[in-house]
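Notes follow the structure.
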Amino acid sequence: MRITRPSHVVPNDLNTHPLVFRGQEGERLQISVLEADIVRVEHWPEGAPRLDRTWMIVGEEGDIPREGRLRHDLSPFSLPSFILHNGDHVIELDTGQLRLRIHLDDFYLQWADTQGRIFAEDLPGRAYPYDKAGQSVFHYLKRRPGEHYYGLGERSGPLDKQGRRYRLVNVDALGYNAANGDPLYKHFPFYITFDPELDIAYGLLYDNLATTIFDLGKEIDNYYPAYRYYQAEGGDLDYYLLYGPTLPDVVMKLSRLIGHMALPPRWSLGYLASTMTYTEVPDAQNKLQQFVDLCVQHDIPCDMFHLSSGYGSDNEGKRYVFNWNLKKIPDPQRLSNYFHRAGIHLAANIKPALLTTHPRYDEVAELDGFVQQANSDAPELSVFWGGEGAHIDFTNPVAYDWWKQRVKDRILNIGIDSTWNDNNEYPIWDDEARCDGFGRPIPIGLIRPLQSLLMARASREAQLECNPDERPFLISRSGCPGIQRYAQTWSGDNYTSWETLRYNIPMGLGLSLSGAPNTGHDVGGFAGPRPDPELFVRWVQNGVFHPRFTIHSWNSDGTVNEPWMYPEVLPLVRQAIAFRYRLLPYLYTLFVESHRTGHPIIRPLVYHFAYDPRTHSESFDFMLGPNLLVASVLEPGARQRQVYLPQGRMWCDFHSGDWYDGGQSVILDAPLHLIPLLVPDGGILPLGKLMRHVGEQGDDLRQIYLFPHPQRGAGRFNLIEDDGFSFAYQRGEVTELELEIMAEPDLLTLRLRWLQYGYPLPYNELEFILPPGEQRPLRVAAAKRWEDDSGRRHIVVPLQTLTET
């Protein structure tokens, strides 16, 4: 390396926007005020951009053309006016929400709030170095004492990344260590800094898809104050500072930048079953159909099954995407029909590489449809599933369209509902291998994660073209910011252990804070030994509270993770899955909220309770939406759990109805059949009817569990309903009902009002349920009232008594 940094930096023109600065050796640095609370900083070491397009920052329509969006296009932003003070050595910029000091001599930036409190500062003398002998660019910042760092997508270890170092390059990390494994499957160059002393949170989003390093305090250099740094091995430095000042503010602003999560069909919130084993056996079709029968036999609800890649394997186990093995599955259409009659959808595994022995390899090669070698037009070959293969180049329009057509004629047109976009990390290790770049070639090293993103986009477009009136549902293992616009994801091929169960939780929370909230984990563990009965039960009890709930496996002993794998604990597994289905009205509302705003579905405690220092580093207990604290059991043999309850609220044990003050740790019972669940005062949880699959019966029951403050307080929740499968919600066919419970020492008052009524509800009344022992009179116009054997009072309110506002 030949590390240098811009020196003798001078303003180019302070009367234009963006503000442009030039270094002595031709470097170009520029600052754009996009919004009063979002500022962009760019550094082009060679004076011009190395890649002038982005696939990360969306346009006004909420997405990006498949060929990318020009980086200099600032039309999605309001570009507010700002005040500039030009000094000899320091330029000060005031946006009304941020104050930015630009130090010219050393070119470093200081960021302050409107009170002048500095909350972020580049490292003087080392702020924006770059490698003159290579392509690496850097950004160094000071570390302040007590800062916490959250995000970076789906990374191993605890929630707070302070003191850790990560390498972002997407790899197929089979059996990874969830506590410290690195790198993993996704590339999310974004993190949030939270400074408790200032009570300020802000985000840094780096728009660069090259292999990246984030060092958040692992490296120490005696000649500099404490620092953290970002390094990309190619491309330019192009980052966005998103000022909160709260964590939710940062996450919502990030979602606006990179696009909101696609709203999936309601059925995708059910149990999504999977295993590699079934499609590996010679009589795969019979084995798969038996799964449907076993769900009925064991009374297990299910809404989708994943067809693993064995459906397209040959006798040697080589995977041939789009090529059905008709010896294993003689009649794919009949298979689809069998699942559909049971109300279960199917998703087929598809992989973006074709082995050189694939029947259609030559066809794609003749189209120049593969990523090509750096110095020739031949396909770049790499190891893939037991042989050599070439990867589809989704930046080539011909290959992109070829893929879409194959998804339609080989997957969707025979009755498969969804695509499972797998093994799409693009392990091509010659960074100079060439991608078409939609007619403007780009080396793979600059855009490796883009291939995963465009694969998911192409698959989604194929699904939409086949079923234009239905919300597509698809899954992608790899990705980068933007994947949430197209697909659900998961944490990949985890290893079966209690440690994985524990550390998968902050992995999902970190990804949720990074703008991709629709995620989950392989319950029971994918690789390694089968889980023992206790571990399996505890994993299911945890998994049912994640956005994606899937049991999956490729156990080393040939066994299969299935709900009925251990008859002695089957009732406990059935109970947990049943509660998931009953919770769907609450969960679906959270999905809609996330789609609209960017709020995560699962949230670390610090997201809601940042004023409580005990929440800042809590990695394992989390909130499902605003109203349910999930305290998973993460140790073998444990039948009690110590749970910290954030201060400022009172907390009700969902199971017993007992109340606890916040700001303390309590010991709660955790017998094998349940885990502690706690609801904050004023919490409201709408539940529905248990069904064998979503839509099996009329969705005509809503039981609303109320948790009014034991003394005085109020709570509010907006219940959102639509048809759950079409795009009618985009035309206003949505009903939103505000539920409010107000508590006084001697009286409860329930208020209901329509916020929107555009979808005819399948129910005509709401049944409200109070915690055991709650005896205060409830003021509401009710048709029926009674008390059950557990001491819970039920109050039924007819909806015709309400009027729209």
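The values are calculated or read from the model by the stated rules, or taken from the named source; none is laboratory data. What you see is a predicted model, and the numbers here were worked out from it, not measured in a lab. All Cβ positions, even for glycine, are placed from backbone atoms using ideal geometry, and neighbour counts span all protein chains on display. The protein model used for the area step is the full one, side chains on, heavy atoms only, and it has no ligands, DNA or RNA in it. Shrake-Rupley method; radii C 1.70, N 1.55, O 1.52, S 1.80 Å.
Take the Cα of residue 647, step 7 Å along the line toward its Cβ, and report every residue of region 197-217 whose backbone nitrogen sits under 20 Å from that point.
Label zone hits: 197-201.
Could you sort out which of 186/253; 318/351; 253/404 sit more than 23 Å apart by Cα distance in this structure?
Listed pairs above 23 Å: 253/404.
How much accessible area does residue 470 have with a 1.4 Å probe, in Å² rounded to the nearest 10?
Its heavy atoms expose roughly 100 Å² to the probe.
Which semi-axes, in whole Å and largest first, does the equivalent ellipsoid of the chain have when worked out from the alpha carbon gyration tensor as the square roots of 5 times its eigenvalues?
Square roots of five times the eigenvalues give 42, 36, 24 Å.
Can you list, bin by bin at 10 Å, the percent of alpha carbon pairs in region 703-766, starting at 0?
20, 42, 24, 12, 2
Report, in debye and to the nearest 20, how large the dipole of region 231-300 comes out about its Cα centre when Lys and Arg carry +1 and Asp and Glu carry -1 on their Cβ.
For region 231-300, the charge dipole is close to 320 debye.
Rounded to the nearest 10 Å², what accessible area does residue 754 have for a 1.4 Å probe in the complete protein model?
20
With all distinct Cα pairs included, what does the Kirkwood hydrodynamic radius of region 643-739 come out to in Å, to one decimal, could you say?
16.0
Taking the dipole about the Cα centre of region 55-141, with the C-beta of Lys and Arg at +1 and of Asp and Glu at -1, give me whichever of 109, 81, 124 is farthest to the positive side.
Farthest along the dipole direction, towards plus: 124.
Quick one: what does P(r) look like for region 307-454 with 10 Å bins over all Cα pairs, in whole %?
Using 10 Å bins, I get a P(r) of 11, 41, 31, 13, 3, 0 for region 307-454.
Quick one: ranking 716, 471 by accessible area, 1.4 Å probe, largest first, what do you get? Each step should come with its number before you reach the end.
Values: 716 140, 471 10 Å².
Descending accessible area places them as 716, 471.
Expressed as a whole percentage, what fraction of the accessible surface of the chain belongs to carbon and sulfur atoms when a 1.4 Å probe is rolled over the protein heavy atoms?
Taking all protein chains in place, the chain shows 47 percent carbon and sulfur surface.
Can you tell me how region 21-179 classifies by the Cα gyration tensor, rounded, prolate or oblate, using a/c under 1.5 as the rounded cut? Write out the running numbers ahead of the final one.
Working: a/c = 1.44, a/b = 1.26, b/c = 1.14.
It is rounded, given that a/c, with a ≥ b ≥ c, falls under 1.5.
Whole-Å semi-axes of region 242-350's equivalent ellipsoid, largest first, each the root of 5 times a Cα gyration tensor eigenvalue? Write out the running numbers ahead of the final one.
Details: eigenvalues 265, 72, 25 Å².
Sorted largest first and rounded, they come to 36, 19, 11 Å.
Report, in order of residue number, the helices in the chain meeting two criteria: a C-alpha extent of 30 Å or more along the helix axis, and a mean Kyte-Doolittle hydropathy of at least -1.0; treat each whole DSSP H run as one helix.
The qualifying helices are 444-466.
What does the charge add up to near residue 186, with Lys and Arg as +1, Asp and Glu as -1, over the other residues with Cβ less than 14 Å from its Cβ?
Local charge sum for residue 186: -2.
Just reorder 356, 489 by solvent-accessible area, largest first, 1.4 Å probe, all chains present.
Accessible-area ranking of 356, 489, largest first: 356, 489.
On a 1.4 Å probe surface of the protein chains, which of 446, 241, 84 comes out largest in accessible area, and what is the full order?
In descending accessible area the options line up as 84, 446, 241.
For region 190-242, what D do you get in µm² per second when you plug the Kirkwood radius from alpha-carbon pairs into Stokes-Einstein at 4 °C and 1.567 mPa s?
Translational diffusion coefficient: 102 µm²/s.
With the Cα gyration tensor of region 1-97 in hand, convert its eigenvalues to equivalent ellipsoid semi-axes via √(5λ) and list them largest first in whole Å.
That gives 25, 21, 9 Å for the three semi-axes.
Select from 551, 572, 606 the residue farthest towards the positive end of the dipole of region 536-618; place +1 on Cβ of Lys and Arg, -1 on Cβ of Asp and Glu, and compute about the Cα centre.
Of the candidates, 606 comes out farthest on the positive side.
Express in Å², to the nearest 10, the accessible area of residue 786 obtained by rolling a 1.4 Å probe over the protein heavy atoms while all chains stay in place.
100
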